[in-house]
Amino acid sequence: MLDLLWLVPAFPIFSFLAQVLAGSRLSAREQSLVGVGSVGASAALSLAIGTSFVAAPPADYHYSQVMWNWITIGKFSPSIGFHLDALSICMMVVVTVVGFLIHLYSVGYMSGDEGFSRFFAYMNLFVASMLTLVLADNLLLLYLGWEGVGLCSFLLIGFWYKEPENVKAATKAFLITRIGDTSMVIGLFLLFNSLGTLQIQDLIVHASQQWAIGSTAPALAAALLLGGAVGKSAQIPLQTWLPDAMAGPTPVSALIHAATMVTAGVYLIARMNALFILAPVVQSAVAIIGLVTLLLAGFSALTQTDIKRVLAYSTISQIGYMFLALGVGAWSAAIFHFVTHAFFKALLFLAAGSIILASGHEQNMFKLGGVRKQLPVTFWTFLIGAASLAALPLVTDGFYSKDMILWDVWSSPKGGVWLWVGGIIGAFLTSLYTFRMVFLTCFGAPMTPLTSHPKKSIRIPLITLAILSIIVGFIELPHNFGNVHLFSDFLELALPSFASSGANQHGELLLEFIAGLVCLAGIPICYLLYLKSPDYSDKLARSPLGSGLHDLWFSGWGFDLVYDKLIVMPFIWITDFNKADFMDSFYGFIATITQVFHRIFSVTQTGKLRQYVLGITFGAILILGILACL
């Protein structure tokens with residue numbers, strides 16, 4: 001079964017080619033079957049391969065498959081090859097299963113769109129690129145998938161390209177992530193120059209053998225890779241592209257936020273864990289970046305009016321939790337939160353899309369309301385996703401994954417009380433903006449009449465993801481709630497075990513109680529501010545302090561303004577000042593000289609044979625005369 005691994009990314013690639021070459025000649029039903037069926041086949045095969053791997057593990061708990069040699073330049077000879085272990089299985093299954101459900105949902109959501117075939121072509125390529133990224137056995141192939149998801153995000157964010165704002169958002173995402181990608185490319189050059197390989201497994205071995213912990217080389221390499229991860233995963237200071245990426249269709253938002261693109265940075269750090277362990281300063285920076293990001297994004301989410309932008313800032317914040325876990329060495333906790341987040345965030349986006357579609361594409365939460373009675377299936381699935389996001393205690397998978405992160409942050413020698421306090425504050429903010437979104441959207445009187453109801457292809461993914469958002473959390477339970485460690489035990493076949501500082505496990509119950517209380521506290525507060533007495537929130541927002549903070553948080557802490565003033569505007573001024581481009585004068589001079597000689601020599605082209613013979617004779621006499629003089 002493992003030898004069929006190459007088919008997992010191949011199915012969506014073949015579908016992409018089919019949509020590009022013959023999509024216009026296929027009916028909408030045939031386009032759907034090709035687009036959705038290919039990802040469904042990848043999902044089924046991924047589950048079969050994962051089951052086979054667990055039932056009969058290969059030697060050393062990993063499997064490699066080399067398809068062919070890609071490039072040979074001296075000693076540099078990377079291959080098109082795939083590496084399968086516990087980490088790549090986890091990523092592969094989540095990408096394909098969530099991707100399949102989003103593709104199925106898209107059939108109903110994008111029905112009737114003039115770019116229907118083009119949409120599925122881009123989505124298939126997106127999934128194929130992400131699968132290439134997570135399965136690659138070398139960093140060059142990983143980078144191919146890395147750039148592939150970047151390209152597809154540009155195409156999909158700007159899918160409705162007739163609207164200038166959509167194109168602007170797509171361009172912004174492309175340019176900002178290029179900053180991180182450039183950092184990553186430099187890191188790859190440094191790694192190859194220092195260690196002589198980009199094969200991931202060989203590179204990890206060589207790095208551990210040749211570099212000492214805390215030395216300059218691994219710190220510089222890890223920092224450069226971190227730059228790439230920060231860009232793709234929308235962490236401080238390169239997070240500004242993600243909220244604007246909501247310009248794309250809602251299924252695109254779900255795919256970017258749940259299973260692809262923004263999780264690529266998390267995977268890169270986890271995959272290159274040995275390098276970050278050799279660079280403790282950089283690993284600490286990962287934790288700090290994650291903590292700052294989750295707090296700033298949480299505050300920003302509190303002030304948004306667009307339901308999709310709330311979810312966008314939520315994604316930035318939840319990825320921050322994953323970075324926080326990676327930074328303290330809680331590798332399994334970070335990936336566990338990735339898994340749970342993939343399910344409940346995909347559910348939230350798809351449920352939000354169902355509300356938006358039914359409301360005539362209205363996205364302002366203050367103009368919605370009443371969904372609880374009008375769209376019961378959408379409401380209950382949306383509520384389950386929201387409860388998981390807010391980490392409702394005991395019954396949602398978000399509680400178990402976030403609790404695992406908070407406990408590991410507390411008990412890690414690389415963590416500490418301040419990082420834990422920051423994580424708890426972030427959890428409280430998450431509860432506030434989540435239930436604010438729920439109460440404004442689903443309760444109260446309907447503000448916008450419904451124009452449609454969700455189709456079956458929309459309801460099935462919602463129900464499936466809602467079930468997964470509840471049951472997945474139970475594969476990893478804390479010591480005092482069943483002590484089940486199926487996920488971490490499996491993942492530690494590929495990642496280092498968590499090194500606890502020996503914190504008292506009896507104190508874990510107290511920390512869980514605090515985390516649960518913080519989550520539950522957001523419900524009555526939001527009920528009071530947005531349902532019971534909405535005047536309170538209005539007065540708070542109109543107060544001098546409240547108004548200032550609201551404007552600051554609503555603008556994403558002013559990062560866009562700062563970047564416009566420090567980078568964009570100076571660049572525009574320089575280009576305007578140098579619109580003639582002084583470098584062009586040099587090439588213009590060459591062009592002028594060429595034109596002059598052209599005019600001179602064109603005079604000699606008369607078409608008269610006698611003049612040509614005379615010229616040849618004169619030239620021959622001149623050359624012979626010069627030779628005679630020598």
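Read-outs throughout are calculated quantities, based only on the coordinates presented, and are distinct from any laboratory measurement. Model, not experiment: these values are computed from the prediction. Every residue, glycine as well, gets a Cβ built from its backbone with ideal geometry; the counts of neighbours run over all protein chains shown.
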- Query: To the nearest 0.05, how large is the calculated FRET efficiency for residue 361 and residue 576 if R₀ is 30 Å and r is the Cβ-Cβ distance?
  - Reply: 0.20
- Can you list the lysines whose alpha carbon sits under 30 Å from that of residue 579, skipping same-chain ones fewer than 8 residues off? 162, 168, 172, 565
- At q = 0.29 Å⁻¹, what base-10 log of I(q)/I(0) does the Debye formula yield for segment 534-585 when every alpha carbon is treated as an equal point scatterer in vacuo? -0.99
- Query: Packing-wise, with mean Cβ within 10 Å as the measure, how do 516-525, 337-346, 559-568 rank, highest first?
  - Reply: 337-346, 516-525, 559-568
- Just check segment 498-622 against the gyration tensor rule for me: Cα atoms, a ≥ b ≥ c as the square roots of the eigenvalues, rounded for a/c under 1.5, and otherwise prolate or oblate depending on whether a/b exceeds b/c. prolate
- Query: Relative contact order for the chain: what is it in percent, counting Cα pairs under 8 Å that are at least 6 residues apart?
  - Reply: 12 percent
- For the chain, with only Lys/Arg (+1) and Asp/Glu (-1) charged at the beta-carbon, what is the dipole magnitude about the Cα centre, in debye rounded to 20? 1460 debye
- Query: Given a Förster radius of 22 Å and the C-beta distance between residue 609 and residue 587 as r, what FRET efficiency does 1/(1 + (r/R0)^6) yield to the nearest 0.05?
  - Reply: 0.05
- Item | Neighbour-count ranking [beta-carbon atoms within 10 angstrom, fewest first] of 378, 182, 604, 263 | 604, 182, 378, 263
- Label-point gap, in nm, between residue 601 and residue 24 - each point 7 angstrom along Cα→Cβ: 4.4 nm
- Query: Within the chain, which complete DSSP H helices have Cα atoms spanning at least 27 Å along the helix axis and a mean Kyte-Doolittle hydropathy of 0.0 or higher?
  - Reply: 28-55, 86-109, 116-135, 164-195, 280-301, 307-327, 331-358, 417-442, 507-527, 582-603, 609-629
- Query: Which far-off residues, 5 or more places away or on another chain, put their amide H under 5 Å from the one on residue 485, with H placed in the peptide plane?
  - Reply: 477
- Query: So which lysines pass the test for residue 402, namely a Cα distance under 25 Å, with those fewer than 8 places away in the same chain ruled out?
  - Reply: 232, 308, 345, 414
- Residues 623, 80 in order from fewest to most other beta-carbon atoms within 10 Å are 623, 80
- Residue span residue 52 to residue 288: 0.36 nm per residue of separation minus Cα-Cα distance leaves a gain in nm of 81.1 nm
- Message: Applying a 10 Å radius around every beta-carbon, put 19-27, 490-498 in order of their mean neighbour count, most first.
- Response: 490-498, 19-27
- Note on the structure: For segment 388-541, shape from the Cα gyration tensor axes a ≥ b ≥ c, cut at a/c of 1.5 then a/b versus b/c, turns out oblate
- Query: Between 447, 15, 460, whose Cα lies farthest towards the positive end of the dipole of the chain when Lys and Arg beta carbons carry +1 and Asp and Glu beta carbons carry -1, centred on the Cα centre?
  - Reply: 447
- Is segment 205-292 rounded, prolate or oblate when judged by the Cα gyration tensor, a ≥ b ≥ c being the square roots of its eigenvalues, rounded requiring a/c under 1.5 and prolate requiring a/b larger than b/c? prolate
- Query: For segment 268-302 and segment 539-554, what is the separation of their Cα centres, given in Å?
  - Reply: 29 Å
- Can you give me the relative contact order of segment 287-542 as a percent, contacts being Cα pairs under 8 Å and 6 or more apart? 26 percent
- Item | segment 1-278 - convex hull of the alpha-carbon atoms, volume per residue in Å³ | 124 Å³
- Item | Förster radius 51 Å - calculated FRET efficiency between residue 206 and residue 627, Cβ distance, rounded to 0.05 | 0.20
- Query: In bins 10 Å wide, starting from 0, what share of all Cα pairs of segment 312-400 does each bin hold, as a percent?
  - Reply: 17, 43, 27, 12, 2
- Of the listed peptides 45-56, 86-97, what is their order by residue-averaged count of other C-beta atoms within 10 Å, with the highest listed first? 86-97, 45-56
- Over segment 1-278, calculate the relative contact order: mean separation of alpha carbon pairs under 8 Å at least 6 apart, over the residue count, as a percent. 19 percent
- Message: Students often get this wrong: which residues of segment 4-36 have the backbone nitrogen under 16 Å from the point 7 angstrom along Cα-to-C-beta of residue 460?
- Response: 29-36
- Query: With each run of n ≥ 4 DSSP H residues scored as -39500 (n - 2.57), what mean residue ellipticity at 222 nm is computed for the chain after dividing by its residue count and rounding to the nearest 500 deg cm²/dmol?
  - Reply: -23500 deg cm²/dmol
- Task: Report the one residue of 310, 339, 495 whose Cα lies farthest in the direction of the positive end of the charge dipole of segment 287-542 (charges on C-beta: Lys and Arg +1, Asp and Glu -1; origin at the Cα centre).
- Result: 310
- Query: In whole Å, how far is the Cα centre of segment 555-630 from that of segment 444-511?
  - Reply: 65 Å
- From the coordinates shown, Cα extents along the principal axes in Å corresponds to which of [x] 77, 66, 46; [y] 76, 56, 50; [z] 107, 60, 54: [z]
- Query: Expressed as a whole percent, how much of the Cα-Cα distance distribution for segment 260-419 exceeds 25 Å?
  - Reply: 34 percent
- Task: Sort 579, 168, 414, 402 so that the residue with the fewest other Cβ atoms within 10 Å of its own Cβ comes first and the one with the most comes last.
- Result: 579, 168, 414, 402
- Item | Over segment 479-563: Kirkwood hydrodynamic radius from C-alpha pairwise inverse distances, Å | 17.7 Å
- Query: By what distance, in whole Å, do the Cα atoms of segment 6-151 stretch along each of the three principal axes, largest value first?
  - Reply: 49, 40, 21
